[in-house]
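One structure is given here, and the rest of the page talks about it.
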Amino acid sequence: MKKYTDIYDLENIPRTIQDTIQLKKNPHQYESLGKQKTLVMLFFNSSLRTRLSTEKAAKNLGMNVMILNINNAWNLEFEDGTLMNLTTSEHVKEAAQVLSQYADIIAIRAFPSLKDKQKDTSETILKSFEKYASVPIINMESSTAHPLQALTDAITIEEFKTTAQPKVVLSWAPHPKALPHAVANSFVKMMRTLNIDFSITHPKGYELDSEITQDTPINYNQKEALENADFVYVKNWSSYTDYGKILSQNTAWMLTKEKLGAAKCMHCLPVRRNVVIEDAVLDSTQSIVIPQANNRTYAAQIVLKKLLENL
Ligand code: CP
């Protein structure tokens with residue numbers, strides 16, 4: 001594997017899921033693979049899980065890790081041919097090449113603006129680093145994708161499923177802030193590769209990019225959609241068609257114990273309690289959000305392992 005910016009960079013997803021479950025049993029078995037190799041992680045935005053699980057994964061493989069919160073560095077320019085006489089101090093052309101001399105792998109987190117659809121979907125930051133860096137790039141959540149989270153989610157479903165083809169429902173939930181589509185997009189892409197019964201439920205107006213959802217069933221009636229589900233994956237996202245807008249704060253879409261039925265509840269975290277998911281769900285044994293977050297380490301580790309093996 002030469003990069004991990006999208007789930008389709010994985011050559012064999014079912015095999016990768018099984019390999020990760022094996023790796024998890026003995027996470028230190030490849031601790032010499034990353035010896036004298038360095039992971040540089042660049043954060044344009046906040047993180048708890050991605051930052052620490054990826055660092056832990058790299059250290060399990062014996063790598064050195066350097067982390068830069070980009071707000072503490074020079075303001076980067078991404079446009080070509082710009083007269084840089086305003087707020088940006090360094091062009092990504094130099095920054096990416098310089099970082100490639102310090103790093104064997106570069107991982108980047110860069111959220112969308114949710115204001116300019118065209119700019120966000122063009123993935124300027126991620127693509128610029130892919131273009132100018134000479135080392136593999138990992139997407140730690142970009143404008144449109146969160147592939148480390150999606151691999152984590154697939155591993156978690158594989159571990160917790162009790163039937164061969166579980167029913168998995170991605171359910172929109174309310175949130176006071178406009179949130180990106182990245183987690184939902186990558187989750188949909190990942191679920192569509194698995195042999196499962198997958199559907200989406202959200203209020204009208206919250207349709208995701210149709211190039212991603214394709215023929216995935218969408219049910220605008222949440223209660224009906226969740227009936228007999230094995231896994232309910234809860235996530236808020238802002239409107240994609242009315243880009244970045246909050247169209248509804250309808251509290252009736254919060255996931256409750258009653259609507260969950262006998263299903264397991266998943267969420268990428270962080271989660272706003274009693275807004276997105278009620279306490280009675282998160283504090284119950286049906287919530288698997290904590291073991292799900294634990295799997296972030298092993299998803300990152302299998303990705304780093306595949307990249308290190310190809311350096
Ligand atoms: N799920 C996730 O990406 O968490 P962080 O934003 O804390 O990294």
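The values are calculated or read from the model by the stated rules, or taken from the named source; none is laboratory data. Keep in mind that this is a model prediction, so the values were computed, not measured. FYI the Cβ positions are ideal-geometry reconstructions off the backbone, even for glycines, and counts take in every protein chain you see. Heads up: the accessible areas ignore ligands, DNA and RNA and are worked out on the full protein's heavy atoms, side chains in. Shrake-Rupley method; radii C 1.70, N 1.55, O 1.52, S 1.80 Å.
Mind listing which GluC sites (Glu not before Pro) in region 48-114 are in a DSSP loop and have 12 or fewer other Cβ atoms within 10 Å? Please report the intermediate quantities before stating the final value.
Working: sites: Glu55, Glu77, Glu79, Glu90, Glu94; in loops: Glu79.
Those that pass, being in a loop and sparsely packed, are Glu79.
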Review point. Roughly how big is region 147-293's charge dipole about its Cα centre, with Cβ charges of +1 (Lys, Arg) and -1 (Asp, Glu), in debye to the nearest 20?
Key: 280
Practice item. Putting +1 on Lys and Arg Cβ atoms and -1 on Asp and Glu Cβ atoms, find which of Thr251, Ser171, Met266 reaches farthest to the positive end of the dipole of region 147-293. Key: Thr251
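In what order, largest first, do Asp9, Asp120 sit by accessible area if the probe radius is 1.4 Å? Don't jump to the answer; show the numbers that get you there.
Values: Asp9 35, Asp120 10 Å².
Largest to smallest exposure gives the sequence Asp9, Asp120.
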Review point. Rounded to a whole number, what % of the accessible area of the chain do carbon and sulfur atoms account for, probe 1.4 Å?
Key: 47
Point to revise | region 62-129, accessible area per residue, ligands and nucleic acids excluded (1.4 Å, Å²) | key: 58
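Taking a temperature of 4 °C and a viscosity of 1.567 mPa s, what whole-number D in µm²/s does Stokes-Einstein yield for region 227-311 with Rh from Kirkwood over alpha carbon pairs? Before the final figure, lay out each step's value.
Values: Rh = 14.9 Å.
Answer from the Stokes-Einstein relation: 87 µm²/s.
Determine the dipole magnitude for the chain: charges of +1 sit on the beta-carbon of Lys and Arg, -1 on that of Asp and Glu, nothing else is charged, the reference point is the Cα centre, and the result goes in debye to the nearest 20. Walk me through the numbers before you get to the answer.
On the way: 35 positive and 34 negative charges, 128 e Å.
Computed about the Cα centre, the dipole is about 620 debye.
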Exercise for review: Per DSSP H run of at least 4 residues, take -39500 (n - 2.57); add these up for the chain, divide by its residues and hand me the 222 nm value, nearest 500 deg cm²/dmol.
Suggested key: -10500 deg cm²/dmol
Practice item. Express the accessible area of region 147-293 per residue in Å², computed with a 1.4 Å probe while the remaining protein chains stay in the model. Key: 41
Check your understanding: Using alpha carbons only, how many degrees (0 to 90, rounded to 10) separate the axis of helix 289-308 from the longest principal axis of the chain?
Key -> 40
Practice item. Could you pull out the pairs from Lys24/Lys56; Lys223/Lys259; Lys35/Lys56; Lys2/Lys127; Lys117/Lys189; Lys56/Lys93 whose alpha carbons sit more than 18 Å apart here? Key: Lys117/Lys189; Lys56/Lys93
Point to revise | P(r) histogram, all alpha-carbon pairs of region 166-286 included - 10 Å bins from 0, percent | key: 14, 51, 32, 3
Point to revise | Heavy atoms of Thr121 accessible to a 1.4 Å probe, total area in Å² rounded to 10 | key: 60
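With the alpha-carbon atoms as the only input, what is the per residue convex hull volume for region 224-264 in Å³?
Working: hull volume 3.4 nm³, N = 41.
Cα convex hull per residue, to the nearest whole number: 83 Å³.
In region 93-123, which trypsin sites (Lys or Arg not before Pro) fall in coil by DSSP and have 10 or fewer other Cβ atoms within 10 Å? Intermediate results must be reported in sequence, preceding the final value.
Values: sites: Lys93, Arg109, Lys115, Lys117, Lys119; in loops: Lys115.
Listed in order of number, the matching sites are Lys115.
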Review point. By how many degrees, between 0 and 90 and to the nearest 10, does the Cα long axis of helix 49-60 differ from the longest principal axis of the chain?
Key: 60
Review point. Size of the chain along its principal axes in angstrom, Cα-based, largest extent first?
Key: 54, 48, 33
Check your understanding: Put +1 on the Cβ of each Lys and Arg and -1 on the Cβ of each Asp and Glu in the chain; which of Thr38, Ser284, Thr121 then has its Cα farthest toward the positive end of the dipole?
Key -> Ser284
